[in-house]
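My questions all concern the structure below.
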Amino acid sequence: MKIRKTSLLFFLGPALFVVALFYIIPLFLSVYISFTPMVDWNVNRYLTQFVGLQNYERLFHIVMYDPDMRAVIMTTVVFVLVTLVINVFGGLLLALATYFMDEKMSAAYQGLWLLPRMTPIAVYSLLWYYFFHSSGIGVLNSILLKLHLINHPIALGLDPKYLPWGAWFIIIFVNGLVGVSYGMIIFYSAFKSIPRELIIAARVDGASTTRIIRHILLPLTKWHFTFVTVWQMFSLLMTYAQTFLLVEWRVVDSTWGQTWALYVFRTAFTTTKDQGLAAAASTFLSIIGIILGIIALKALGYEKMILEPKGDI
Amino acid sequence: MVSIRLDKVTKRFGKVVAVNNVDLEIEDGKLYVLLGPSGGGKTTTLYLIAGIYKPTSGRIYFNEKDVTDLTPAERNVGLVFQNYALYPHMKVYDNIAFPLRLRKEPKSKIDSKVHEVAKFLRIENLLDRYPHQLSGGQQQRVALARALVKEPSVLLLDEPLSNLDALLRVYIRAELKRMQQDLGITSVYVTHDQSEALAIADKIVVINKGVIQQEGTPEQIYENPRNVFVATFIGNPPMNIVKGTVLEDGTIETTGSRLTPPPAVLEKIKRLKLKNILMAFRPENAVVSEHPIEGRFSPMGDLFEVEPLGRDAVVTVTVGEFVIKVVMPTREAMQLRIGSKVYVNIDPSTIKYFDPNTELNLEYIEA
Ligand SMILES: Nc1ncnc2c1ncn2[C@@H]1O[C@H](COP(=O)(O)OP(=O)(O)OP(=O)(O)O)[C@@H](O)[C@H]1O
Ligand SMILES: [Mg+2]
């Protein structure tokens, strides 16, 4: 079917407008700011000054010579990779577990895992603030003390003895718990959309549950796997809210608990208020994100999914 | 060489009783058709035999061996679904090989078996296609191949032809029947299409609301339905039902006409003290004409509609409160005038009598 351009615009127009307003324009603004020397949000003074690639040169310099920036990069890589694996495979495991439960059980179980995502970020972070608190009031500390595994309260995310692993553990744990529900929901609904007869047929053919998972459920949800992986990778690259609060509240170390996205946020708003540098770092992160996204989609075979048309729509 | 026996099998889903206290024996090597309306419990019965559902109560036997607690694989059944349920991500070859691979049979044996069954069903040239590259009829064959390659002791088919066009359906059902006879495999075939059932069944089991209504050969089911449900479910159009009043003198009166029932029927009417009775006759056992015919039971009515269907026509007559359909030669039917007074001349020997309370055929009530 041929669709006329005007009607296409009519239907897609509102969505395009929203995308432009909330995504494209801020993106351009941020790229633009990265070419200005803006600090302290002094828009009047700096917005029209143009410094070329100076901010990028500064960023490059920091990356090369500032050990704290090395920490940021290492933290980002470890955080994104480990949390991604936890998110995707944790979500997959939860989806599989709930798929083979009866409906009521699985709904309750899924609700439980959705709680972290439904809880406001501040409340959720506060929960873990108390859990990982470095004094005796910290839940983790009091449990470990009760079990006589430690003699004094420990500061897992702060004490240099445990760094960087302590800080990494906390931010990965806290974000991983929020993220698994996403994969769980997507995978679960993907499994549910597989015709029931296919599963029955496999059972009749003599397949055990593990075989059904391996030969039917997983191959038929490859694209969902791709999608969840890429999507989660993007959101993990960009996320900072929980981590920001944990850093601000002094639960995790500000050096080893700081991902690139958080570095951008703190540079722009709390530490040096150097928006020009922050914008450059943010643009750089976007470019890395896009490159990684393309690599991931290629590696996981996204093209094949969108090419083969199933006939005229 | 397997016969199947269901012993007082009930299956509940929550409050719904899908299969209710079913006793059924399926003879070795025969093709049984489960026939009934949508929601009647056909698929559930089939899945119970397959071992996909466990009965809520009752036992299932294969050859006197209790298989109630065995898995589908242990029962060694082949199952063909209405939507074929081919694995969409596997080529035809892998679809057929799948059950053998799960049994961990050696590669060469798998290969020869797949080719053998593919040859038998004439799908050898399709082996390296994906299911979505096949037509409905081809998919149906592949599904059949996947069921047969296991050399199952029982073949179960759930409305296997309902996704095909009418012409192909008639063609493939004949093939299916041939194949079943050649292999001599005990088969249970589910359909809600009564002409399909009549065409291929050794025995038909009519099932409604989870209860077996009648079990018998296609002839028995067609000629002598056990109750009103079967009478009005089988046949196209199905049997006509007319209600009558039993008079003092032993005759039956309906819409102004009188009929003397056969002595055996009369005796049962008396014994059951029936005041009313339901009479049923097949559309092809009556003729509509302008004048009553000698020796026939001929209630009078208004000609409502004549639908020519080629050689025969369906003639609709309203007789009192009843709508009656008659199948007769188109040539004769076209002589009649719509709206005119006509007689429905029924062959009295073909009339079946039903108790209006139990809706049972009097012939099936013990004397
Ligand atoms: N898994 C299930 N859970 C709950 N109720 C079910 C389930 N399967 C079947 N039923 C109910 O049991 C009854 C019989 O269903 P069944 O599928 O056996 O009918 P059927 O004769 O195969 O009908 P159709 O011709 O529409 O396929 C229906 O009322 C149906 O709603
Ligand atoms: Mg069914």
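Kindly evaluate A:Ile172 against the criterion of being surrounded by 18 or more Cβ atoms within 10 Å (Cβ to Cβ), in contact with a His (Cβ under 9 Å, 6 or more places away or on another chain) and either of a type in the set (Asp, Glu) or in contact (Cβ under 8 Å) with a residue 60 or more places away in the chain (or both).
Criteria not met by A:Ile172.
So which residues in region B:280-296 are buried (at least 20 other Cβ atoms within 10 Å of the Cβ) and in contact with a Ser or Thr (Cβ under 7 Å, 6 or more places away or on another chain), if there are any at all?
B:Phe281, B:Arg282
Could you check region B:225-238 and list, in sequence order, the residues that are within 19 Å of B:Ala199 (Cβ to Cβ) and either surrounded by 15 or more Cβ atoms within 10 Å (Cβ to Cβ) or β-branched (Val, Ile, Thr) (or both)?
B:Pro225, B:Val230, B:Phe233, B:Ile234, B:Gly235, B:Pro237, B:Pro238
Collect the residues in region B:215-256 that are touching a residue at least 12 places away in the same chain (Cβ under 8 Å) and of a type in the set (Asp, Glu), keeping them in residue-number order.
Of everything in region B:215-256, just one residue is touching a residue at least 12 places away in the same chain (Cβ under 8 Å) and of a type in the set (Asp, Glu), namely B:Glu215.
Now a separate question. Within the group B:Gly78, B:Gly40, which residue is under 30 Å from B:Glu219 (Cα atoms), within 13 Å of another protein chain (Cβ to nearest Cβ) and either open to solvent by less than 10 Å² (accessible area, probe 1.4 Å) or not in a helix (DSSP H, G or I) (or both)?
Sole residue among the options that is under 30 Å from B:Glu219 (Cα atoms), within 13 Å of another protein chain (Cβ to nearest Cβ) and either open to solvent by less than 10 Å² (accessible area, probe 1.4 Å) or not in a helix (DSSP H, G or I) (or both): B:Gly78.
Okay, next question. Consider region B:9-22. How many of its residues are open to solvent by 80 Å² or more (accessible area, probe 1.4 Å) and in contact with a Ser or Thr (Cβ under 7 Å, 6 or more places away or on another chain)?
2
Here's a follow-up. For region B:9-18, does any single residue satisfy the condition of being of a type in the set (Val, Ile, Thr) and more than 10 Å from ligand 1 (Cβ to nearest atom)?
Yes, because at least one residue in region B:9-18 is of a type in the set (Val, Ile, Thr) and more than 10 Å from ligand 1 (Cβ to nearest atom).
Here is a further query. Go through (1) within 14 Å of another protein chain (Cβ to nearest Cβ); (2) within 16 Å of ligand 1 (Cβ to nearest atom); (3) at pLDDT below 95 and name the single condition B:Lys104 misses.
Result: B:Lys104 passes all but (2).
Return the residue satisfying two criteria in turn: it lies in region B:45-66 and is exposed (fewer than 13 other Cβ atoms within 10 Å of the Cβ) and within 17 Å of B:Asp28 (Cβ to Cβ), and of such residues it is nearest to the other protein chains (Cβ to nearest Cβ).
The residue in question is B:Lys65.
Moving on. Going by what's in this entry, would A:Gln232 be described as more than 24 Å from A:Lys161 (Cβ to Cβ) and either of a type outside the set (Ser, Thr, Tyr) or in a helix (DSSP H, G or I) (or both)?
yes
Looking at the structure I just gave you, is B:Ala197 surrounded by 21 or more Cβ atoms within 10 Å (Cβ to Cβ), over 20 Å from B:Ala50 (Cα atoms), within 16 Å of ligand 2 (Cβ to nearest atom) and in contact (Cβ under 8 Å) with a residue 60 or more places away in the chain?
For B:Ala197, the condition - surrounded by 21 or more Cβ atoms within 10 Å (Cβ to Cβ), over 20 Å from B:Ala50 (Cα atoms), within 16 Å of ligand 2 (Cβ to nearest atom) and in contact (Cβ under 8 Å) with a residue 60 or more places away in the chain - is met.
Additional query: Quick one: A:Thr210 ticks every box in (1) within 14 Å of chain B (Cβ to nearest Cβ); (2) outside any helix (DSSP H, G or I) bar one, so which box is it?
Going through the list (1) within 14 Å of chain B (Cβ to nearest Cβ); (2) outside any helix (DSSP H, G or I), A:Thr210 breaks only (2).
Can you spot a residue in region A:229-245 that is within 14 Å of another protein chain (Cβ to nearest Cβ) and open to solvent by 50 Å² or more (accessible area, probe 1.4 Å)?
no
Give region B:20-37 a look and list any residue that's part of a loop (DSSP other than H, G, I, E, B) and farther than 21 Å from B:Val67 by Cα, or say none.
The answer is B:Gly36, B:Pro37.
Now, a different point. Only one of (1) within 29 Å of B:Ala231 (Cβ to Cβ); (2) away from ligand 1 (no atom under 16 Å from the Cβ) fails for B:Gly36. Which number is that?
Of (1) within 29 Å of B:Ala231 (Cβ to Cβ); (2) away from ligand 1 (no atom under 16 Å from the Cβ), only one is false for B:Gly36: (2).
Would a scan of region B:23-37 turn up a residue that is open to solvent by 40 Å² or more (accessible area, probe 1.4 Å) and within 9 Å of chain A (Cβ to nearest Cβ)?
Within region B:23-37, none of the residues are open to solvent by 40 Å² or more (accessible area, probe 1.4 Å) and within 9 Å of chain A (Cβ to nearest Cβ).
When residues of region A:246-271 are filtered for being free of Cβ contacts under 8 Å to residues at least 40 places away in the same chain and assigned to a loop (DSSP other than H, G, I, E, B), how many remain?
3
Here is a yes/no grid of residues against (1) without any contact (Cβ under 8 Å) to a residue 12 or more places away in the chain; (2) within 14 Å of chain B (Cβ to nearest Cβ); (3) open to solvent by 20 Å² or more (accessible area, probe 1.4 Å); (4) small (Gly, Ala, Ser):
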residue	(1), (2), (3), (4)
A:Phe100	no, no, yes, no
A:Gly111	yes, no, yes, yes
A:Leu145	yes, no, yes, no
A:Ser189	yes, no, yes, yes
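Another question, then. Could you check, for region B:143-159, whether at least one of its residues is within 16 Å of ligand 1 (Cβ to nearest atom) and at positive phi?
Yes, some residue in region B:143-159 is within 16 Å of ligand 1 (Cβ to nearest atom) and at positive phi.
The values are calculated or read from the model by the stated rules, or taken from the named source; none is laboratory data. Given the structure is predicted, the values throughout are model-derived calculations rather than measurements. So basically every Cβ, Gly included, is an ideal-geometry build from the backbone, and we count neighbours across all protein chains shown. Accessible surface is based on the protein model in full, side chains and every heavy atom, while ligands, DNA and RNA are left aside. Shrake-Rupley method; radii C 1.70, N 1.55, O 1.52, S 1.80 Å.
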